[in-house]
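Worksheet: the structure to be examined is printed underneath.
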Ligand code: NAI
């Protein structure tokens, strides 16, 4: 079957060319990362270090991995569950990185990828969602690890609860940085969720009734960017103080039950499990759209929804119509995965926001790699001097020198 082999190799050449072109385009809009790359090429902070990585694999994260490699790191990486872009994997493999994970991996295969990264015995970890740290705790390989970083809210929460005693080395939680919360979680997630909603559904936003579940950094941003486009936004939030803030910000605030019939779109951004579940699905208005923006794909209880359904039919690669026993239906987006990073041609958060966020990653990992880094064991925020240095670099890019 010579033709099959030739076809396969054409596909992989095309995939590589496509991935490399996309990474090159994105790289050209990450000036802060470029200046860190220039510095790392000279200082080689990761010479002799192996960095184990779990991240959404897309062009912006690829630039981060390139920058770490330019600093001398050997990179062993897996994508997060359900968001891996195979053309970007091909690009990173062509640079000599060891990559596990493909777009259509099942959850079991994904688990195996996480195990494989830790089996390669990295001495530094770059995690997103704390899957690698959980595996490190489970398999008892913690003793080789000098430290690491954690990118997101959900991973930071796990490091401070179930993994607190197991992780005995310093882990800098990038999400704790005010720069990341403002630049990415609020403004970039807000914009990219609205962009993805419009692109995926092709719906008009004006007058659309939207419930945002969780008024933390991401929820605030999502609400903030839907409203000026004419949406009617309501908030469900369990923390009284944030609920009051949402009310002061001018949103309707209530319990999920109050909005089940009213709302046309439900967007979860809590980082918690099953915030929309069996008691809610059957009472929603006909055609309600279910969207998740949180890290893990179980904020919407998709398993329960499927058990309750009488039938379901894919509308396209990202949207699915799910028919309920009461004759109504709901539209599930990206099978409950993060809408801005899943589905057809996802763009994720803006390049500039990730130039900012990944500069925090790169300089925090450099700090971890220093022998005398003065960091204590356990989860901790980004050191203040790193936050302030990146602020100055980014303000300069914006043309506002400080
Ligand atoms: P946060 O901690 O600032 O906010 C979460 C909010 O949800 C809190 O105010 C909390 O009180 C509320 N909440 C928790 N359970 C709830 C429930 N059952 N009902 C209503 N409200 C509830 O967290 P942040 O930074 O906003 O992150 C939220 C999620 O988004 C996390 O999973 C995070 O990892 C993820 N994330 C997603 C990104 C994306 O590109 N889609 C980017 C950054 C973070």
### Query
When the helix-only estimate is applied to the chain (DSSP H runs of n ≥ 4, each -39,500 (n - 2.57), divided by the residue count), what is the mean residue ellipticity at 222 nm, nearest 500 deg cm²/dmol?
-13000 deg cm²/dmol
### Task
Could you please tell me the mean projected area of the C-alpha convex hull for the range 72-217, averaged over all directions and given in square nanometres to one decimal?
10.8
#### Entry: Gyration tensor over alpha-carbon atoms, the range 300-402, equivalent ellipsoid semi-axes in Å
45, 19, 10
### Message
Test of understanding: ordering 217, 298, 25 by Cβ neighbours within 10 Å, fewest first, what list do you get?
### Response
25, 298, 217
### Query
Fewest first, what order do 131, 355 take by the number of other Cβ atoms within 10 Å?
131, 355
### Query
How high is the relative contact order of the range 166-285, in percent, with contacts defined as C-alpha pairs under 8 Å that are six or more residues apart?
24
### Task
Restricting to the chain, compute how many DSSP beta bridges are antiparallel as a %, nearest 5.
15
### For the range 1-134, alpha-carbon Rg relative to the globular expectation (2.2 N^0.38 Å, N residues)
1.08
### Query
By count of other Cβ within 10 Å, fewest leading, how are 256, 30 ordered?
256, 30
### Query
For the range 232-347, what is the percent of antiparallel DSSP beta bridges, rounded to the nearest 5?
45
### Query
Can you give me the relative contact order of the chain as a percent, contacts being Cα pairs under 8 Å and 6 or more apart?
16
### Query
Relative to the first principal axis of the alpha-carbon coordinates of the chain, what is the inclination of helix 59-70, with its axis defined by its Cα atoms, in degrees from 0 to 90 and to the nearest 10?
20
### Task
Would you mind telling me which residue in 383, 31, 228 has the biggest mean-square fluctuation in a Gaussian network model of the chain, where springs connect alpha carbons within a distance under 10 angstrom?
228
#### Entry: Residue among 34, 361, 191 with the largest mean-square fluctuation in a Gaussian network model of the chain, springs linking Cα atoms under 10 Å
34
### Query
Roughly speaking, what is the stretch gain from residue 384 to residue 111, that is 0.36 nm per residue apart minus the C-alpha to C-alpha distance, in nm to one decimal?
94.8 nm
### Query
Where does the Debye-calculated log10 I(q)/I(0) of the chain sit at q = 0.09, 0.13 Å⁻¹, using only Cα point scatterers of equal weight, no solvent?
-0.55, -1.12
### Message
Running a GNM on the chain with Cα contacts under 10 Å, which residue among 123, 258, 273 ends up with the highest mean-square fluctuation?
### Response
258
## Note on the structure
Relative contact order of the range 46-114 (C-alpha contacts under 8 Å, at least 6 apart) in percent is 33
#### Entry: On Cα atoms only, tilt of 31-43 relative to the major axis of the chain in degrees
30
### Task
Under 1.5 on a/c is rounded, so check that first for the range 52-127, then, if it is not, pick prolate when a/b is larger than b/c and oblate when it is not; a ≥ b ≥ c are the square roots of the alpha carbon gyration tensor eigenvalues.
oblate
### Summary
Sorted largest first, the C-alpha extents of the range 342-388 along its principal axes in whole angstrom are 45, 22, 16
### Query
With axes computed from alpha carbons, what is the tilt in degrees of helix 351-369 against the longest principal axis of the chain, rounded to the nearest 10 within 0 to 90?
40
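Where a number appears in this text, it was derived from the coordinates with a stated rule and is not lab data. Source: prediction; values computed, not measured. Using ideal geometry, Cβ is built from the backbone for each residue, glycine included, and neighbour counts are taken over all protein chains shown.
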